[in-house]
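Notes for the one structure printed next.
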Amino acid sequence: DGGITQSPKYLFRKEGQNVTLSCEQNLNHDAMYWYRQDPGQGLRLIYYSQIVNDFQKGDIAEGYSVSREKKESFPLTVTSAQKNPTAFYLCASSAQGYNQPQHFGDGTRLSIL
Amino acid sequence: DQQVKQNSPSLSVQEGRISILNCDYTNSMFDYFLWYKKYPAEGPTFLISISSIKDKNEDGRFTVFLNKSAKHLSLHIVPSQPGDSAVYFCGALGGGGADGLTFGKGTHLIIQP
């Protein structure tokens with residue numbers, strides 16, 4: 001059954017620690033995306049990747065880093081430089097082509113202890 | 001500066017009636033629009049899309065209307081069903097920025113029996 005898997009569903013982090021959120025897809029999609037959702041806010045783009053070994057900053061990339069070593073995987077690292085990391089993080093993927101709809105995972109909720 | 005606006009945070013509609021969700025945008029470079037539906041603690045699910053060369057797209061109970069001159073689109077759901085209760089996000093592509101979607105803040109649709 002094809003889809004996008006985000007893990008873990010809930011994640012807790014101590015201040016000053018880096019933490020990595022996993023995103024895996026078996027849809028054979030070229031493009032992958034990370035969004036952040038805050039209460040009362042829409043989804044905001046953090047990073048995106050159109051192809052393996054290439055990625056671009058989105059609207060709110062500061063304090064985050066990504067890698068795209070494999071087509072199926074697009075992990076997001078929330079670094080200690082991210083001043084307000086508590087949020088709901090959503091990963092998405094889409095087939096190649098401008099108007100392809102994005103398919104989302106079920107998200108990871110990150111909280112700071 | 002919000003480029004995609006959903007000015008109604010919530011909307012309550014009686015079961016069987018029509019639900020109309022509205023979305024306005026400011027960036028005239030947007031040329032593709034998508035609606036997503038989101039249940040709590042899940043990722044958004046793609047519903048329907050429309051290209052800027054069209055003014056209407058229909059898929060079953062869902063119809064999206066686009067008024068380019070007014071920079072306005074709307075999602076019509078008829079008849080509304082209890083399972084339609086969710087948060088609906090309007091997203092836009094092609095704003096000249098990153099390749100990810102620009103989303104509105106969402107409208108919480110509540111279908112009342």
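The values are calculated or read from the model by the stated rules, or taken from the named source; none is laboratory data. It should be emphasised that the depicted structure is a prediction, and the values quoted were computed from it without experimental measurement. A quick note on method: Cβ atoms are made from the backbone with ideal geometry, for glycine too, and the neighbour counts reach across all protein chains shown. Note: accessible area is taken over every heavy atom of the protein model, side chains too, but ligands, DNA and RNA are not part of it. Shrake-Rupley method; radii C 1.70, N 1.55, O 1.52, S 1.80 Å.
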Distribution output for the protein assembly as shown: share of Cα-Cα pairs per 5 Å bin in percent, first bin at 0, values 1, 7, 15, 19, 19, 16, 12, 7, 3, 1, 0
Longest site-free stretch - chain A; sites: trypsin sites (Lys or Arg not before Pro), DSSP loop, at most 11 other Cβ within 10 Å: A:15-82
Here FRET efficiency (C-beta to C-beta, A:LEU113 to B:GLN81, R₀ 30 Å, nearest 0.05) is 0.15
For the range B:19-113, what's the relative contact order in percent, using C-alpha pairs closer than 8 Å and at least 6 residues apart? 32
Please name whichever of B:ASN7, A:ILE51, A:VAL66 sits farthest to the positive end of the charge dipole of the protein assembly as shown, dipole taken about the Cα centre and charges placed at Cβ: Lys and Arg +1, Asp and Glu -1. B:ASN7
Of all trypsin sites (Lys or Arg not before Pro) in the range B:1-96, the ones in DSSP coil with at most 13 other Cβ atoms within 10 Å are B:ARG17, B:LYS54
Counting other chain Cβ atoms within 10 Å of each Cβ in A:97-106 and taking the mean gives 6
Based on the inverse mean of 1/r over its pairs of different Cα atoms, what is the Kirkwood hydrodynamic radius of chain B, in Å? 14.0
Take chain A, compute every pairwise Cα distance, and split them into 5 Å bins from 0; I just need the percent in each bin. 2, 13, 24, 27, 19, 10, 4, 1, 0
Counting only heavy atoms of the protein chains, get the accessible area per residue of chain A (1.4 Å probe) and round it to a whole Å² value. 49
